[in-house]
1. So residue B:68 ticks every box in (1) farther than 30 Å from residue B:128 by Cβ; (2) open to solvent by 10 Å² or more (accessible area, probe 1.4 Å) but one. Which box is left unticked?
2. When you scan region B:218-237, do you find a residue that is under 14 Å from residue B:35 (Cβ atoms) and without any contact (Cβ under 8 Å) to a residue 24 or more places away in the chain, even just one?
3. Go through (1) away from every other protein chain (no Cβ under 14 Å); (2) at pLDDT below 95 for residue B:54 and report which single condition fails.
4. Would you mind listing the strands (runs of 3 or more DSSP E) fully within region B:1-103 where at least 1 residues are within 16 Å of ligand 2 (Cβ to nearest atom)?
5. Among the residues of region B:309-327, what is the count of those that are open to solvent by less than 80 Å² (accessible area, probe 1.4 Å) and within 19 Å of residue B:259 (Cα to Cα)?
6. For region B:285-308, which positions are without any contact (Cβ under 8 Å) to a residue 24 or more places away in the chain and either under 32 Å from the mean Cα position of the chain (by Cα) or open to solvent by 90 Å² or more (accessible area, probe 1.4 Å) (or both)?
7. Kindly provide the set of residues from region A:14-65 that are under 30 Å from residue A:301 (Cβ atoms), loosely packed, with under 10 Cβ neighbours inside 10 Å and modelled with pLDDT of 80 or more, ordered by number.
8. Taking region B:1-49 on its own, how many of its residues are within 12 Å of ligand 1 (Cβ to nearest atom) and of a type in the set (Val, Ile, Thr)?
Amino acid sequence: MTHAPSLSATNPTPTSAGGFFRRFRSAPSEPDAAKRVQFNSPLLPYLFLAPQMAIIFIFFYWPSVQAIQSSFYLEDPFGFGSTFVGMANYTDVLKSGEYLSIARFTAVFTALVTFFSLAIGLLLAVKADGIIRGNATYKTLLIWVYAIAPPVAGLMGMMMFDQHIGPLVKVAAFFGWNMQVGLNYNDTAFAMIVVSVWKQIPYNFIFFLSGLQGIPVPVREAALMDCRSGLRRFWTVILPLLAPTAFFLLIINTTYALFDTFGVIDVMVKDKAANNPITLVYKVYMDGFRGNDLGGSSAQSVILMIIVFVLTIFQFRFIERRVHYN
Amino acid sequence: MAAINITNVSKIYAGGVEAVKSVSIDIADGEFIVLVGPSGCGKSTLLRMVAGLEAISKGTVEIGDRVINDIEPAERDIAMVFQNYALYPHMTVYNNLAYGLKNRGTPKAEIDARVAEAARMLEIEQYLSRKPRALSGGQRQRVAMGRAIVRKPAAFLFDEPLSNLDAKLRVSMRGEIKQLQKRLGTTSLYVTHDQLEAMTLADRLVVLNGGQIEQIGRPLDVYHTPASTFVASFIGSPAMNLLRGTREGTQLHFGSQVLDLGRAPAFPGQITVGMRAEDLRVATSGDQSLTMKVDYIEELGAQRLVHGTVDGKKLTASLSPEIDIGETMALTIAPERLHFFDADTGKRFGQPFANTGYDRLSAPAIKLEAAL
Ligand SMILES: Nc1ncnc2c1ncn2[C@@H]1O[C@H](COP(=O)(O)OP(=O)(O)OP(=O)(O)O)[C@@H](O)[C@H]1O
Ligand SMILES: [Mg+2]
């Protein structure tokens, strides 16, 4: 299962993100006459598309097909051929109590990480927007600092919970909480969520901030004259106008929590997965590469693929419908 | 409905720019005041201070009996119409109108009634369930007006509400705003840089220049007795002709050309003389005259604007299309139609003669429409 975070990085502004979804959906029905380019040779456009198609094929379709195929086989752990077992890998996985509890944890983990990283990112963006409105230099500096932060922030977050030098562990100890990340299930879960959220906040902050800056000033001013409560203005005017950005980030953050948190989990559980919380994607890795159960691992990744597929359809069908694109 | 009293109001922006300099205007209940002036003269700044969107640096603004300097915009009992409409893009037209009322806890039935009434007045009933993006510019403008009307505020504030519309629509919307304001009787403060819009809408004009008031007055008073060369050249189209001249005895000298006034006005030698284009006419034999070298002609249909020079200085005359135009023309003007300004300060010299030929008090307002 490969995920390409660079997809979002090429859409730096939320308006283009909103436009991305809209164009994606309406492209066949309304070709954009102004942007239509004429090629001399009919092969040329395919040539331009080829590198991207190759990447998608090699890193997405090919592994997917492989995964689906091998999920129906039982692989010999020592590499001596494989046996067709039909749905056995799937039924084994779905009947396993361990797998179901990991799935439950993954759901909670994804929901919490998505919610808190969106909420905190939004809160910070709203506060920053109030201060830097109209101050271009300050804005650039702030965004710049946040833009280089994510990998550094992730590293810092981990160090915060380090058993020996982590300040958060010391603070917890001061309050009588003997925090043992990597040993205690709940402590590890807590640290995993905090670091995952912490790492994603800068990204959300930038998108929310530029979304907020994109809301026309006169519309805010009109709201100022129509509504005295700032909180109410936020809920009734600002947030609805921010919805395209928020929806875009919702999808990105769900995917992030499901897949991109792999690194955080890996560092936290330090290969001692037994007593520690892990997510489904980490379980795929554990079973496939540590346990050498390629068939079961493939079945899990196919299940994961289906979950993401259903989730994305759900988000587009039921949430995007309420989003107003300007 | 309420009077608005603006007293010694100044605006100093961060960085020390003084955009509005000690402005005082007393606006009567129900009056339609138009702030007019060139770009950057501080019109919007002044309006936004009244609206509460900019802090007031100095002075006070009262609406009714309340000083509103420190009152929240939503509590000032005013409604504003913005240049680019500023409708809420995610709300239907109905909700755009109802939003301000809902936030004030108006009962649902009352909101329905008020929205229906405003929509009927503005003929936007069939768009109530649409989003703003599905409306034309003119329709959006009506919705923006509706949003102000439903609130039944003490005052309307307009910041160049028509400048995004095409010329024809602008003229018809102008008429509607005027009618609506008269019908509702709501005190209004209206900002524009278009002097024609200002003349047609205003009960009284406030001409601003560089953050200061040049003149306050009824449109015709301002037109016929501009307080300065700035006002003279800003109000009226074509702009008033302004010529440097010298008075010697009863005579005005423009270079080698001379006009005899018949009597000596009470001001010194170097002056600026103002002449409205429509006050100039072709001299018949016996009239004293100025000789204009004709450069080019603008045909307006009903009149014809003849541009040329007198003694090397630009002059424009508005003449009947029946008159033949030559290379040079002899033009004359009645002495009481001349305006005199201080050559240095540009300030108007008070009534130079006893009778100006224009009775400012009895002049009926209807004449304005005819003149324009
Ligand atoms: N936020 C600000 N900070 C500093 N100076 C400002 C600010 N806003 C406006 N100004 C200055 O104040 C002056 C008046 O601006 P204002 O917007 O009131 O002009 P205006 O008369 O409405 O012009 P226009 O007809 O172009 O809208 C201008 O010189 C402008 O540069
Ligand atoms: Mg302005």
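The values are calculated or read from the model by the stated rules, or taken from the named source; none is laboratory data. As the structure is a computational prediction, the values presented were derived from the model and not from experiment. Neighbour counts are summed over all protein chains in view; Cβ atoms, including those assigned to glycine, are modelled from backbone coordinates with ideal geometry. Note: areas computed on protein heavy atoms with side chains; ligands, DNA, RNA excluded. Shrake-Rupley method; radii C 1.70, N 1.55, O 1.52, S 1.80 Å.
1. (2)
2. Taking every residue of region B:218-237 in turn, at least one turns out to be under 14 Å from residue B:35 (Cβ atoms) and without any contact (Cβ under 8 Å) to a residue 24 or more places away in the chain.
3. In the conditions (1) away from every other protein chain (no Cβ under 14 Å); (2) at pLDDT below 95, residue B:54 misses (1) alone.
4. B:4-12, B:18-27, B:32-36, B:78-81
5. Number of matching residues: 8.
6. The answer is B:285, B:295, B:296, B:298, B:299, B:300, B:301, B:302, B:304, B:306, B:307, B:308.
7. Result: A:51, A:52.
8. 6
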